[in-house]
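Here's the structure we're looking at; comments come further down.
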Amino acid sequence: MSNKIKFITNAISNEQLLHLYKSMLKPRLVEEKMLILLRQGKISKWFSGIGQEAISVGVTAALYDDEYILPMHRNLGVFTTRKIPLKRLFSQWQGKRNGFTKGRDRSFHFGTQEYHIVGMISHLGPQLGIADGIALANKLKGNNKICAVFTGEGGTSEGDFHEALNVAAVWSLPVLFCVENNGYGLSTPTSEQFNCENIADKGIGYGMESYIIDGNNIIEVFAKVTEIAESIRKKPRPILLEFKTFRMRGHEEASGTKYVPQEDLDFWASKDPLENFQMFLKEENILTEEIELAYKEEIIHEINQDLEEAYAEENIISTKNLELDDVYKHYQFKLIAPSENKNNIRFIDAVSQGLQQSMEKHDNLVIMGQDVAEYGGVFKITDGFVEKFGKERVRNTPICESAIISTGYGLSVNGMKAVVEMQFADFVSSGFNPIVNLLAKSHYRWQENADVVVRMPCGAGVGAGPFHSQTNEAWFTKTPGLKVVYPAFPQDAKGLLNAAINDPNPVLFFEHKALYRSVYQDVSENYFTTEIGKAAVLKQGAKLTIISYGAAIHWVLDALNNHTSISADVIDLRTLQPLDVETIYTSVKKTGKAIIVQEDSLFGGIASDISALINENCFEYLDAPVKRIGSLDTPIPFQKDLENLYLAKNNLIEEILKIYNF
């Protein structure tokens with residue numbers, strides 16, 4: 001390998017060449033200062049991009065300022081080239097309020113709409129799917145914009161990399177997938193990460209153009225990316241770029257570089273992108289000593305001055321209420337009343353109506369999922385939607401739950417709404433990471449909401465077996481930042497679904513499969529909304545409170561219809577997060593006894609939390625222990641008799657009578 005960088009200016013003006021040089025110099029000088037502060041104990045951690053500045057600067061300079069970039073740990077040059085004030089970056093790294101996350105996240109784990117940057121999460125992979133969503137929104141808007149997303153060679157081993165590139169290729173999305181191949185994923189060399197010669201070779205499998213670029217040659221990076229970006233703006237499509245480079249320091253400073261052979265360090269030191277470019281510019285009489293000195297003095301002055309301002313900024317003082325207040329984006333629910341004109345329809349029809357009327361109301365709403373287009377979904381809920389709304393807004397997806405949820409988030413970032421259908425709620429496990437680590441934490445971390453509804457066809461009772469029958473709401477009620485809705489009746493299903501789509505926060509919307517075609521109700525014809533977070537009292541009684549939701553509420557009603565002597569309040573929660581504790585407490589304080597019924601297996605379900613809340617807040621009113629009723633702590637069996645044995649409804653009335661007569 002030659003260590004000589006060959007610069008070909010490609011008719012780039014001297015002014016632009018100097019701008020590129022200064023743009024690389026700035027993050028290098030900032031980093032050198034940060035490393036000093038790290039040794040002094042004034043910052044806690046640092047991920048160095050020294051030796052890789054040409055990629056961050058070159059890609060950012062090639063894009064328009066209003067085109068989104070999704071950087072990684074070592075892409076300081078993205079932030080400085082987008083002209084983010086250093087004092088804001090310094091405040092971010094010190095956890096001060098003038099940063100971007102109110103002290104809630106560190107380093108480059110933040111985004112900013114002002115500068116069209118979406119920061120990374122440590123799980124890496126979902127970032128690529130976000131770029132798909134941003135690009136899809138650009139394509140639907142017809143604005144001829146692209147976006148660029150960064151990952152490292154280590155990130156290309158994740159399943160999300162495959163999913164995101166596959167979706168982008170199938171949908172011809174205008175995305176630049178920028179892979180910084182710096183030789184090591186922390187300490188693991190590329191030879192232990194993948195077995196192809198080049199990451200760019202992977203593009204062949206996706207039917208995608210790909211290029212290898214010298215990541216240490218700023219002119220090559222800038223010129224090639226500029227050319228490619230302009231081509232994509234004219235003809236939307238994804239392109240995979242592999243930047244060959246090297247990380248001159250450890251994964252983060254504590255890691256060191258002892259695992260790197262000295263000859264490799266020496267070779268790449270000789271290919272330093274800044275020093276080589278500086279030498280070239282001086283040889284070409286473009287950069288003088290005076291200009292170089294002036295640039296350094298200007299940048300060092302800015303660094304020192306902005307650091308002083310960041311140090312002088314007061315530490316963040318918060319309260320529990322302030323922290324809780326930022327978990328969700330503030331949203332003023334608008335009640336749209338149901339009409340008196342009603343039709344007797346099934347649960348499944350109510351869901352379909354809600355979706356259709358929401359699509360008519362929101363022209364920026366996109367539905368995505370496996371087989372949801374011409375086929376209408378496996379339950380036929382979106383049957384006929386393609387004819388009404390077109391394939392651009394009703395999109396079949398590959399089997400890639402993780403990437404599609406991340407894509408939904410990207411749509412939200414770029415000003416659109418998304419409804420993502422899990423074919424079965426069980427399959428959400430393949431998309432668990434972006435729900436709980438991306439959607440749920442987004443607003444709390446950097447005040448960016450996630451306008452995404454994930455539809456969850458769920459539940460047992462239809463002989464679907466262990467992989468298609470879970471009611472797994474407890475996976476998500478535990479996660480701050482998510483809303484969890486679980487209607488039991490058609491009217492509620494329609495009104496709550498409309499409300500969920502209006503809500504700018506992420507909502508898991510559970511729809512019980514056994515109710516789809518078995519439960520009928522008179523449902524209002526018009527578009528209407530039902531408030532999320534409000535339970536419904538279905539029956540009034542004096543001696544017992546029964547709390548339930550989903551299919552289990554029908555078990556309760558059936559049991560009480562067969563035992564009319566039981567005087568009980570029956571509460572249909574409808575929403576599990578946020579939970580309507582006021583309605584629960586009011587009823588329990590009146591009756592003195594409480595039972596919580598869930599279809600989910602007993603241990604670790606939401607019934608446990610409700611029981612604890614009642615004990616903590618209504619203990620002095622209780623005349624009996626709070627009773628939880630749930631299904632067996634086993635996977636859900638297929639065979640009918642075994643499934644009936646599993647479900648809690650079979651001994652429901654006996655358990656109710658025990659507490660009722662306590």
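Only one of the numbered conditions (1) acidic (Asp, Glu); (2) open to solvent by 10 Å² or more (accessible area, probe 1.4 Å); (3) under 25 Å from Thr226 (Cβ atoms) is not met by Glu67, and that is (2).
The helices (runs of 4 or more DSSP H) located wholly in region 605-660 that include 3 or more residues which are more than 18 Å from Leu579 (Cβ to Cβ) and among the hydrophobic types (A, V, I, L, M, F, W, C) occupy 652-660.
For Ile134, the criteria (1) closer than 30 Å to Ile367 by Cβ; (2) open to solvent by less than 40 Å² (accessible area, probe 1.4 Å); (3) of a type in the set (Val, Ile, Thr); (4) touching a Pro at 6+ places or on another chain (Cβ under 8 Å) hold in every case but one, which is (4). In summary, strands (runs of 3 or more DSSP E) completely within region 320-413 and bearing 1 or more residues that are within 26 Å of Leu128 (Cα to Cα), in contact (Cβ under 8 Å) with a residue 60 or more places away in the chain and open to solvent by less than 10 Å² (accessible area, probe 1.4 Å) occur at 365-369. The residues in region 227-244 that are farther than 26 Å from Phe267 by Cα, open to solvent by less than 50 Å² (accessible area, probe 1.4 Å), in contact (Cβ under 8 Å) with a residue 40 or more places away in the chain and of a type outside the set (A, V, I, L, M) can be counted, and the count is 3. Considering Thr583, Thr575, Thr564, which residue is in contact (Cβ under 8 Å) with a residue 12 or more places away in the chain, of a type in the set (Ser, Thr, Tyr) and either surrounded by fewer than 24 Cβ atoms within 10 Å (Cβ to Cβ) or on the phi > 0 side of the Ramachandran plot (or both)? Of the residues listed, the single one that is in contact (Cβ under 8 Å) with a residue 12 or more places away in the chain, of a type in the set (Ser, Thr, Tyr) and either surrounded by fewer than 24 Cβ atoms within 10 Å (Cβ to Cβ) or on the phi > 0 side of the Ramachandran plot (or both) is Thr583.
Counting the residues of region 259-313 that are in contact with a helix residue (DSSP H, G or I) (Cβ under 8 Å, 6 or more places away or on another chain) and small (Gly, Ala, Ser) gives 1. Determine whether Phe476 is within 26 Å of Gln353 (Cβ to Cβ), assigned to a helix (DSSP H, G or I) and at pLDDT 95 or above. Taking the combined requirement at face value, the residue satisfies it.
Residues in region 217-255 that are part of a loop (DSSP other than H, G, I, E, B) and either closer than 23 Å to Leu140 by Cα or modelled with pLDDT under 95 (or both): Lys235, Pro236, Arg237, Pro238, Thr245, Phe246, Arg247, Met248, Arg249, Gly250, His251, Glu252.
Per-residue answers, yes or no, for (1) of a type in the set (Gly, Ala, Ser); (2) farther than 12 Å from Arg455 by Cα; (3) touching a Lys or Arg at 6+ places or on another chain (Cβ under 8 Å):
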site	(1), (2), (3)
Asn502	no, yes, yes
Val507	no, no, yes
His512	no, no, no
Glu525	no, yes, yes
Ala535	yes, yes, yes
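Here region 435-477 is the region considered, the condition is being polar (S, T, N, Q) and surrounded by fewer than 24 Cβ atoms within 10 Å (Cβ to Cβ), and the residue that is farthest from Thr634 (Cα to Cα) is Gln447. From the list Leu25, Leu29, the lone residue that is over 21 Å from Cys147 (Cα atoms), open to solvent by 10 Å² or more (accessible area, probe 1.4 Å), at pLDDT 95 or above and part of a helix (DSSP H, G or I) is Leu29. Could you look through region 417-434, keep only residues that are part of a helix (DSSP H, G or I) and touching a Pro at 6+ places or on another chain (Cβ under 7 Å), and pick out the one that is most open to solvent (accessible area, probe 1.4 Å)? This residue is Asn433.
Being open to solvent by 60 Å² or more (accessible area, probe 1.4 Å) and assigned to a helix (DSSP H, G or I) is a property that Ile55 lacks.
The values are calculated or read from the model by the stated rules, or taken from the named source; none is laboratory data. All values reported here derive from a predicted model rather than from experimental measurement. Counting neighbours? That spans all protein chains shown, and the Cβs are built from the backbone with ideal geometry, glycine included. Side chains included, ligands, DNA and RNA excluded: accessible areas come from the protein's heavy atoms. Shrake-Rupley method; radii C 1.70, N 1.55, O 1.52, S 1.80 Å.
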